[in-house]
Amino acid sequence: MMLATDMDGATASAAAAGGAEKRAYVQRIFSEIAPRYDLLNHVLSLNIDRRWRRKAIALLGVEGDQAGRYLDLCAGTMDVAAEISSLPGFRGLVIGADFAEPMLKAGAEKVKGGRIAPVTADAVQLPLASGQLAGAIVAFGIRNVAGLEASLKEAFRVLAPGGRFVILEFSTPRLRVVRALYQSYFHHVLPVIGRLVSGHRTAYHYLPRSVANFPVEEELARKLENAGFTKVTWSTLSFGVAAIHVGERPISAIGTK
């Protein structure tokens with residue numbers, strides 16, 4: 001007979017591998033850890049995640065259209081939306097979309113006084129018109145989507161021609177020494193700290209497994225191109241612990257998707 005913890009662990013593994021359980025599991029665990037999500041992110045990453053987000057936002061090119069509408073996809077507690085909204089001279093709007101409503105509610109304080117509109121929505125079916133957004137960004141959320149290719153096509157759909165899509169996501173370091181240290185931390189230290197602080201048994205076991213099952217940088221770049229994006233580039237951060245991908249909806253894409 002399986003214990004509840006064993007069953008949760010099995011579900012986490014299946015979800016991380018992209019099984020049928022993924023959508024429901026991801027929505028449930030992020031709803032449950034929402035109150036401690038920001039604290040855990042900053043503690044577990046030693047605050048490096050803040051620097052990574054700033055680099056990703058810089059590649060979005062907001063300075064080119066400060067009155068435009070931008071999408072923070074899989075927005076969570078809306079760290080990225082708040083950062084964009086606070087950029088000097090910004091007078092547009094950031095739509096913070098996430099299908100785990102408790103995450104958006106946990107970030108409600110960040111919305112106050114900002115040009116941010118939280119929306120409860122799934123990344124594979126956005127309630128947005130086609131070809132209207134100046135740019136879109138997703139930070140540490142795209143690997144949690146049940147339907148990666150569908151979400152990339154959906155991001156392409158809502159972007160205006162010339163709009164950029166920026167993906168910031170964890171990756172697996174390629175240098176053997178760095179990879180060994182990273183995997184030791186990710187698989188042994190992080191789950192323990194995550195469980196103690198969040199009180200959730202499996203959420204931080206799911207995290208390293210989901211990263212391990214996520215496409216490597218070259219494969220993700222190909223998927224972006226298959227979704228219609230051009231000028232696709234990528235770069236690694238902090239010895240390959242994370243990576244940033246950038247793609248653009250071409251000007252000639254009007255009416256093609």
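Exceedance of the 22 Å cut-off in Cα-Cα distance is limited, within the set Lys153/Lys231; Lys55/Lys153; Lys112/Lys153, to Lys55/Lys153; Lys112/Lys153. When the chain is described by a simple charge dipole with +1 on each Lys and Arg Cβ and -1 on each Asp and Glu Cβ, the residue from Gly107, Ala14, Leu87 located farthest towards its positive end is Leu87. In a fully extended conformation the segment linking Ala58 and Val216 would gain 54.6 nm over its present Cα-Cα distance, using 0.36 nm per residue. The packing ranking of peptides 91-103, 62-74, 173-185, highest mean first, is 91-103, 62-74, 173-185, where packing means the average number of other beta carbon atoms within 10 angstrom of each residue. Using C-alpha pairs below 8 Å separated by at least 6 residues, the relative contact order for the chain is 21 percent. Residues Ser130, Ser171 in ascending order of nearby Cβ atoms (within 10 Å, fewest first): Ser130, Ser171. Using alpha carbons only, how many angstrom separate the centre of region 20-47 from the centre of region 136-185? Value for the Cα centre distance between the two parts: 16 Å. For the chain, the fraction of alpha-carbon pairs lying more than 26 Å apart is 37 percent, rounded to a whole number. Per-residue Cβ neighbour counts within 10 Å put Thr236, Thr11 in the sequence Thr236, Thr11, beginning with the fewest. Its DSSP H runs of at least 4 residues, each contributing -39,500 (n - 2.57), put the calculated 222 nm mean residue ellipticity of the chain at -12000 deg cm²/dmol, to the nearest 500. Here the Karplus relation 6.51 cos²θ - 1.76 cosθ + 1.60, evaluated at θ = phi - 60°, turns the backbone of region 236-243 into coupling constants of 9, 10, 6, 6, x, 5, 9, 8 Hz, with x for every Gly and Pro.
Each value in this text was obtained by applying a stated rule to the coordinates, not by laboratory testing. Just so it is clear, the model here is predicted, and its values are computed rather than measured. Note that each Cβ is placed from the backbone with ideal geometry, even for glycine, and that neighbours are counted across all protein chains shown.
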